[in-house]
Structures are given as structure tokens and as C-alpha cells.
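The values are calculated or read from the model by the stated rules, or taken from the named source; none is laboratory data. Because the structure is a prediction, the values reported are computed rather than measured. All Cβ positions, even for glycine, are placed from backbone atoms using ideal geometry, and neighbour counts span all protein chains on display. We work out accessible area using only protein heavy atoms, side chains counted, and drop any ligands, DNA or RNA first. Shrake-Rupley method; radii C 1.70, N 1.55, O 1.52, S 1.80 Å.
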Amino acid sequence: MARPRARHDGDKKRSSFALKYLVTIISSTAAETVTFPLDITKTRLQLQGQLGSKKSPYRGMFRTAIGIVQEEGLLNLWKGVAPAVIRHMVYSGCRMNFYEYIRENVFKRNKYGQYPLWKAIPTGMFSGAAAQFLASPCDLVKVHMQMEGKRKLEGLKPRYKGTFDAFRSIVRNDGVLGLWKGWVPNCQRAAIVCLGDLTTYDSAKQAILRNTRLEDNALTHALSSGCSGLVSATLGTPADVVKTRMMNQKYVNGRGVVFRSSLDCLLKTTRAEGVAALWKGFLPVWSRMAPWSLTFWLVYEEVRVLVGLGNF
């Protein structure tokens, strides 16, 4: 009788990577779906007053959200959720695995099992930027889809019939490379946000476990995620404003009509609207990142334990 083939370390690593990736997809899909209305509210706020756009009255966070429901319908709060979920299948799946792999196999923990901040910062920034580069096409389509309702209200013809039509249209008009339009500010933002999210969560969790009597449980995860959500929103909002405006502007022959680069967008925005414009949409960003981070990390940590991977 043939004996079953022994499972090699390579098989274990491959299955572990796949399992971690699946756990990340489950966690990020849950978090994205629950908090997406705040994301579309944030996007609309950040594009108010943009150079080259049709003038419209300024609205705050709540008036913008209510206006979307009244003028476009309740379901439009989830307009663009499909590319957002697809994006997180790539982005979150990659950034989590990149970070953990670098932490455990490249920089490695110290002899006390801790991961110093000086290692965690570059690890988080690299993981975010690399993952976002891979996911940038989905982010571009998400931003375009989120603005379709506003175009309809302004009397403009809808650009796309749906998510996959948006992908096809962008490739048809701008080529495959057009899907990476605005990837530089996108990756810059992702590096900063990942620094605020992954690095802060990992460092805060280690600090809580090291300096309190709390164990590696849901309370510790919730406290750590609260820290990561606040830091992510504070660091990431200016980059998010620049990224959104760069991706939403019209391009001719590969060049932006309004902004030439991320720096140009930053300077023109501050000159025209003031420095405070860089934190336009901060409240919905924070209001979204806090529950997103809480939902993601609670689900992620619990599912990891359930499938035998252990805590992050």
C-alpha cells in the first residue's frame, strides 16, 4: 500500500500564504462593504471646489451623504463598491502578506519577540506602496464610478454602464497603461496609510501586550485598531485629496489637463483653497477608517485563530 507523500515545508508555506490571503479577502470585504458609504461621501467632499470642475455649493459630511440619498438614491451610497472590493482582494491581500513575510523572514523580530518601530516603519510603507501599485487599476475605476452619480446630476452623459465596462473603456481610450493613471500619488498615499494602519496596529498591539495585563484578545485588537485608524486618517488625508484629484482629472495624451504631477496638485490646491483643503474630507475619512480598521482587524484576528494561523 502506497504511503501518503510527506508534506514538505514548501507546501506548507504555499498553503499558509494562500490561507492568509483568503482570510484577508474575507476580512477586507466585510470592512469595505460596511463602511463604503463613508468612502463615497469622502470622495465627493474632496472634489468640491476642485480647479476645472463645475461650481457647486459646498456641503459638509452629513449634507453630502443626505444629498446623495435624496438626489441619486440610497443604493448610490454603494456606487463603486464592486471595484473597491476587487481592489482590496489585491491590495489588502498583498500588503498583509508582504508585511508579515518581511517581519518574519527579512528584518525579523528581536530576541524578545518584538518588532522595533524602526523596522516596522519601512516595512509598512513598502508593503502599502507595492500592494497599491498592483491594485491601482481597481482604485482608478472605483473613483470614476463614484463620480457617475454627480455627472448625472450635472446633466452630463454617464461614462460607464458598470464596473467592467469602465475597465474596458479606460483600456480602449488610454491603453492598458491608462489603468495606472495617477499611480504615483496612489502609491504615495498607500505607503503613508499603511504606515498609519499596519505599522501603528502592530506597534500599538505590542506596546499594549508589553505594558499592560491585557492578553492578545478582542479588546487588545479593538484598542490597537482605534490607534491605527486615527493615525491613518491624519497622515493619509492630504495624500488622499491629491490622489483623488489626480485620478479624477481629464487626461490628454497622457498628461493631466489641470495638474501635471502630485506636487503640482498639492501646490495648486493649497494656493487656490488654502492648506486646510488638504484635510478636506478628514471627518468622513476618520469616520470610515475607524470602523473599517475595527471591523477588519477584529474579523482578521478571529478568523486567523479559527483556521489555525494564530494571531497576527
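Among the residues of segment 197-256, the one identified as open to solvent by less than 10 Å² (accessible area, probe 1.4 Å), acidic (Asp, Glu) and farther than 16 Å from ARG103 by Cβ is ASP240. A residue that is open to solvent by 50 Å² or more (accessible area, probe 1.4 Å), modelled with pLDDT of 85 or more, aliphatic (A, V, I, L, M) and over 28 Å from PRO37 (Cβ atoms) cannot be found anywhere in segment 276-298.
From the list ARG87, ARG103, pick out the single residue that is within 26 Å of THR29 (Cα to Cα), touching a residue at least 40 places away in the same chain (Cβ under 8 Å), open to solvent by less than 70 Å² (accessible area, probe 1.4 Å) and in contact with a Cys (Cβ under 9 Å, 6 or more places away or on another chain).
Working: ARG103 fails: in contact with a Cys (Cβ under 9 Å, 6 or more places away or on another chain).
Checking each option against the conditions leaves just ARG87.
Taken together, VAL106, VAL90, VAL143 contain a single residue that is under 13 Å from the mean Cα position of the chain (by Cα) and at pLDDT 85 or above, which is VAL90.
When you scan segment 177-284 for helices (runs of 4 or more DSSP H) that lie fully inside it, which ones turn up with 1 or more residues that are more than 21 Å from PHE126 (Cα to Cα) and touching a helix residue (DSSP H, G or I) at 6+ places or on another chain (Cβ under 6 Å)? Walk me through how you get there before you give the answer.
Values: elements: 183-194, 200-211, 218-248, 262-273.
Result: 200-211, 218-248, 262-273.
Can you spot a residue in segment 264-277 that is free of Cβ contacts under 8 Å to residues at least 12 places away in the same chain and on the phi > 0 side of the Ramachandran plot?
Residues of segment 264-277 free of Cβ contacts under 8 Å to residues at least 12 places away in the same chain: 264, 267, 270-271, 274-276.
Right, trim to on the phi > 0 side of the Ramachandran plot and you get 274.
Yes, segment 264-277 contains a residue that is free of Cβ contacts under 8 Å to residues at least 12 places away in the same chain and on the phi > 0 side of the Ramachandran plot.
So for segment 148-157 (the condition being of a type in the set (Gly, Ala, Ser) and under 24 Å from the mean Cα position of the chain (by Cα)), does at least one residue qualify? Within segment 148-157, one or more residues are of a type in the set (Gly, Ala, Ser) and under 24 Å from the mean Cα position of the chain (by Cα).
Please tell me if ALA82 is open to solvent by 40 Å² or more (accessible area, probe 1.4 Å) and either of a type in the set (Val, Ile, Thr) or touching a residue at least 12 places away in the same chain (Cβ under 8 Å) (or both). Taking the combined requirement at face value, the residue satisfies it.
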